[in-house]
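Encoded as C-alpha cells, the structure appears first; notes follow it.
The values are calculated or read from the model by the stated rules, or taken from the named source; none is laboratory data. Just so it is clear, the model here is predicted, and its values are computed rather than measured. Because the Cβ atoms are built from the backbone with ideal geometry, glycine has one as well, and the counts that use them run over all protein chains shown. When the accessible area is computed, the model is the full protein with side chains, heavy atoms only, and any ligands, DNA or RNA have been set aside. Shrake-Rupley method; radii C 1.70, N 1.55, O 1.52, S 1.80 Å.
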Amino acid sequence: MNFYTNKEIQQIIFNAYQNPKYKKENINITNKTITEHSQICVDDLQINFSWNNTKLINVAYKAIGCAVFLASCDLMCELIMNKHIDEIKEISNLYFDLINNKNISDNFDKLDKLLVFKNVGTHLNRIECASIIYRALKREINE
C-alpha cells in the first residue's frame, strides 16, 4: 500500500482546501439536502447529491470549517463522482476504517487521495472533522 509523504499530505490537503472542485458559495436547499454539523467546532456542511439510478452524477456542497474538514469533503466528492452506490458504500466504509485506525488492509488503495487522512486519529478532535463527510454520505446512501 502506498501512503503519502508528509509534504505530499500537506500539498494535497492545502490544494483541496484552497481550490475545491465541488464546494459552492450557494446551493439549492431542498428537502433532500443533507446537513451535518461538527459536535465540537464550527465545521458545517450542506450537501446535495444527484443520481442517475444508482450512479452518482453530481454533487455540490456549501461548507465552512477547517482545512481537514473542507479537504475531506472535496476529496471524497472527487473520488465518488460517477461511481455506483455499491462502490460508494465500499469507499465510505474503508474511509471510516482508515480515519479510525481500524482494519488496515490493501483495499485502502481504493481511497486514492483520501489516504492523506490516515493519521488523522492521532488528534482525536480531527477525527470529527474528517468524519463529517462520512456521516453525510451514510445518510445519503441510507446505510
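The table that follows gives values for the structure above.
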| read-out | value |
| --- | --- |
| GluC sites (Glu not before Pro) restricted to the range 1-98 and DSSP loop, no more than 13 other C-beta within 10 Å | GLU25 |
| Heavy-atom accessible surface of the chain: percent carbon and sulfur, 1.4 Å | 45 |
| MRE, 222 nm, helices only [DSSP H, n ≥ 4, -39500 (n - 2.57), over the chain, to nearest 500] | -13500 deg cm²/dmol |
| Cα shape, the range 15-143, gyration tensor, a/c 1.5 rule | oblate |
| For the chain, accessible area per residue (1.4 Å probe, heavy atoms of protein chains only), Å² | 54 |
| Among VAL42, VAL59, VAL116: highest mean-square fluctuation, GNM of the chain, C-alpha pairs under 10 Å | VAL42 |
| Links that overshoot a 20 Å alpha carbon limit, given the list LYS62/LYS102; LYS62/LYS138; LYS83/LYS138 | LYS62/LYS102 |
| Built amide H within the under 5 Å cut-off of ILE27, gap 5+ | none |
| Among LEU56, THR5, LEU98 - extreme Cα towards positive end, dipole of the chain, charges at beta-carbon | LEU56 |
| Derived scalar couplings ³J(HN,Hα) [the range 54-64; Karplus, 6.51 cos²θ - 1.76 cosθ + 1.60; whole Hz; x for Gly, Pro] | 9, 9, 6, 10, 7, 8, 8, 9, 10, 7, 10 |
| Shape category assigned to the range 65-128 from the gyration tensor of Cα positions, a/c cut at 1.5 | oblate |
| Cα gyration tensor shape of the range 8-71, rounded if a/c is under 1.5, else prolate or oblate by comparing a/b with b/c | oblate |
| For the range 104-137 and the range 1-70, distance of Cα centres in Å | 13 |
| Cross-link reach list, lysines versus LYS7, counting only Cα pairs under 18 Å and skipping chain neighbours closer than eight places | LYS113, LYS118 |
| Estimated FRET transfer efficiency (ASN15, ASN53; beta-carbon r; R0 25 Å; 0.05) | 0.20 |
| R0 of 35 Å, Cβ-Cβ distance ASN93-LYS7: FRET efficiency to nearest 0.05 | 0.75 |
